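Coordinate-derived values only; no laboratory data. Being a predicted model, the structure only gives us computed values, none of them experimental. Ideal geometry is used to build each Cβ from the backbone, glycine not excepted, and the neighbour counts take in all protein chains shown.
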């Protein structure tokens, strides 16, 4: 099979994995709407929660198809847009599909949450918000900005910092800092592997290397992009 046909097959399978098994037609949707208008608010909220759960299930299915296509060596670069940008992380077990559904409109928050442990992701999704230093109320996940993520997220250890830890982190950062630069030469296939992993995590290749050195115990301290 040619590269073109392989790519077309990959696109077809990935899209098919996300689509509902029995799509609703316009008549069925109209009937469903007529049913919804008769429900009270608690029942409507329950329907919405069920729909979110079903959507997360389809994201998980699409991620499984993505993983299998990658295993077969298919080029999925054309599908790395929108929700497809996070399927590799979901397939690898680094990102909960529920997070993709609930935070699809905030890519900054979604990339940051993908760097947390799965237990921490589950806790955050259940809470729906993060307490940030110097804010009166917890900040909803879908409204998180990069400045707030930098204060509260410890992406090296995969957890969210308490307010006390956030204040301590700020004190430890005070004062002048010095940085050094060095060149790292690697084979083309090694470079491609590093770049792919960095894209999957939503960070730069340099940040990925720094985190790897830190996790290996070779260096200490926080990475520069936190």
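For region 15-144, a/c is not less than 1.5, where a ≥ b ≥ c are the root eigenvalues of the C-alpha gyration tensor, and a/b does not top b/c. That puts it in the oblate class. Computed extension gain for residue 39 through residue 205, at 0.36 nm per residue and net of the alpha carbon distance, reaches 54.7 nm. Extension gain, residue 51 to residue 145: 0.36 nm times the residue separation minus the Cα-Cα distance gives 31.1 nm.
Report note on the peptides 39-46, 149-156: ranked by the mean count of other C-beta atoms within 10 Å, highest first, their order is 149-156, 39-46. For the pair region 71-94 / region 192-210, the C-alpha centres are spaced 15 Å from each other. What the Cβ-Cβ distance of residue 216 and residue 70 gives, at R0 = 30 Å and to the nearest 0.05, is a FRET efficiency of 0.70. Annotation: for a label point projected 7 angstrom from Cα along Cα→Cβ of residue 167, residues of region 127-149 with backbone N closer than 12 Å are 133-135. How would region 87-169 be classified by its alpha-carbon gyration tensor: rounded, prolate or oblate, with rounded meaning a/c under 1.5 and the a/b versus b/c comparison settling the rest? It comes out prolate by the Cα gyration axes.
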